[in-house]
Amino acid sequence: DAEITQSPRHKITETGRQVTLACHQTWNHNNMFWYRQDLGHGLRLIHYSYGVQDTNKGEVSDGYSVSRSNTEDLPLTLESAASSQTSVYFCASKGQNTGELFFGEGSRLTVL
Amino acid sequence: GQQVMQIPQYQHVQEGEDFTTYCNSSTTLSNIQWYKQRPGGHPVFLIQLVKSGEVKKQKRLTFQFGEAKKNSSLHITATQTTDVGTYFCAGPRDGGTSYGKLTFGQGTILTVHP
């Protein structure tokens, strides 16, 4: 079955370190997204991509970057992790003919 | 910018009681989506409403989209313990075609006591 997977599921890192969260989907969806979830804020859009070599900033993009070298993957990089980036990160993808987002299992990141 | 407000933030009910969560947008929405997230899980799509005044049912769940397309509600009849989780509404960030760029409400955390 097609799916969307994230790794790692849990990570603890230190302030200032670079961190990359992986997202891989096998639906061949062009549209992929990264959201972060914090209590009281719901999910907020970080970055998104509508296809290979396309990347766009979302609502809370400062301190984050993404790249899209193929259809399947949209890795999220924190260039210099900050404690404010402690959160649960969800990757999602969307099919062509539906508004439905398919979410990955999430990556819980703790920045000490 | 666009805001999507959801109330209540928490709701505790006894099993068998009804539950309603409300969603209000600061802007008119072309559509609204609802997601459910089980504790420790990821958001799962429930439904999308597109038409003004639209009402859709999924078993014990009833979804409504307001006439002005700025508000929506989710009503669960006779809650069960399997209904536990956080319910989110979400609308397109640009007010028009979303392409997946959604503004989510803060979510309503539902607890059901057996």
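The values are calculated or read from the model by the stated rules, or taken from the named source; none is laboratory data. What you see is a predicted model; the values in this text were computed from it and never measured. Cβ placement follows ideal geometry from the backbone for every residue including glycine, while neighbour counts extend to all protein chains displayed.
Summary of computed values
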quantity: Which numbered condition B:His12 fails, given (1) within 14 Å of chain A (Cβ to nearest Cβ); (2) under 29 Å from A:Ser87 (Cα atoms); calculated: (1)
quantity: Criterion violated by B:Gly40 - all others in (1) more than 28 Å from A:Tyr50 (Cα to Cα); (2) at pLDDT 95 or above satisfied; calculated: (2)
quantity: Residue within the range B:36-43 that is in contact with a Ser or Thr (Cβ under 6 Å, 6 or more places away or on another chain) and under 20 Å from A:Phe103 (Cβ atoms) present; calculated: yes
quantity: Residue list for the range A:71-91, filter: under 12 Å from A:Arg17 (Cβ atoms) and in a loop (DSSP other than H, G, I, E, B); calculated: A:Glu79, A:Ser80, A:Ala81, A:Ala82
quantity: Filter pass, B:Tyr35 being within 14 Å of another protein chain (Cβ to nearest Cβ), at pLDDT below 95 and closer than 27 Å to A:Tyr50 by Cα; calculated: no
quantity: Residue among A:Ser93, A:Ser65, A:Ser49 that is touching an Asp or Glu at 6+ places or on another chain (Cβ under 7 Å), surrounded by 15 or more Cβ atoms within 10 Å (Cβ to Cβ), of a type outside the set (D, E, K, R) and over 22 Å from B:Pro39 (Cβ atoms); calculated: A:Ser65
quantity: Looking only at the range A:32-42, and only at residues there that are at pLDDT below 95 and facing another protein chain (nearest Cβ under 7 Å), the one that is surrounded by the fewest Cβ atoms within 10 Å (Cβ to Cβ); calculated: A:Gly40
quantity: Count - residues of the range B:71-114 that are surrounded by fewer than 18 Cβ atoms within 10 Å (Cβ to Cβ) and more than 12 Å from the chain's Cα centre (by Cα); calculated: 14
quantity: Pair list, Cβ < 8 Å and 6+ apart or interchain, from the range B:1-20 residues that are aromatic (Phe, Trp, Tyr) to residues that are in a loop (DSSP other than H, G, I, E, B); calculated: B:Phe19/B:Thr79
quantity: When residues of the range B:15-54 are limited to those that are part of a loop (DSSP other than H, G, I, E, B) and in contact with a Phe, Trp or Tyr (Cβ under 6 Å, 6 or more places away or on another chain), the one nearest to A:Gly106 (Cα to Cα); calculated: B:His42
quantity: Some residue of the range A:94-111 being more than 30 Å from B:Ile32 (Cβ to Cβ) and touching a helix residue (DSSP H, G or I) at 6+ places or on another chain (Cβ under 6 Å); calculated: yes
quantity: Residue within the range A:14-23 that is free of Cβ contacts under 8 Å to residues at least 40 places away in the same chain and either touching a strand residue (DSSP E or B) at 6+ places or on another chain (Cβ under 8 Å) or surrounded by fewer than 20 Cβ atoms within 10 Å (Cβ to Cβ) (or both) present; calculated: no
quantity: Flag if A:Ser61 is outside any strand (DSSP E or B), within 14 Å of another protein chain (Cβ to nearest Cβ) and within 13 Å of the chain's Cα centre (by Cα); calculated: yes
quantity: Counted residues, the range A:88-100 - those being closer than 17 Å to B:Phe88 by Cβ and at pLDDT 95 or above; calculated: 5
quantity: Members of the range B:47-105 that are under 21 Å from B:His12 (Cβ atoms) and within 14 Å of chain A (Cβ to nearest Cβ); calculated: B:Gly85, B:Thr86, B:Tyr87, B:Phe88, B:Cys89, B:Gly105
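Residue-wise test of (1) more than 25 Å from A:Glu59 (Cα to Cα); (2) touching a His at 6+ places or on another chain (Cβ under 9 Å).
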{"residue": "B:Glu54", "(1), (2)": "yes, no"}
{"residue": "B:Leu61", "(1), (2)": "yes, yes"}
{"residue": "B:His75", "(1), (2)": "yes, no"}
{"residue": "B:Cys89", "(1), (2)": "no, no"}
{"residue": "B:Leu102", "(1), (2)": "no, no"}
{"residue": "B:Thr108", "(1), (2)": "no, no"}
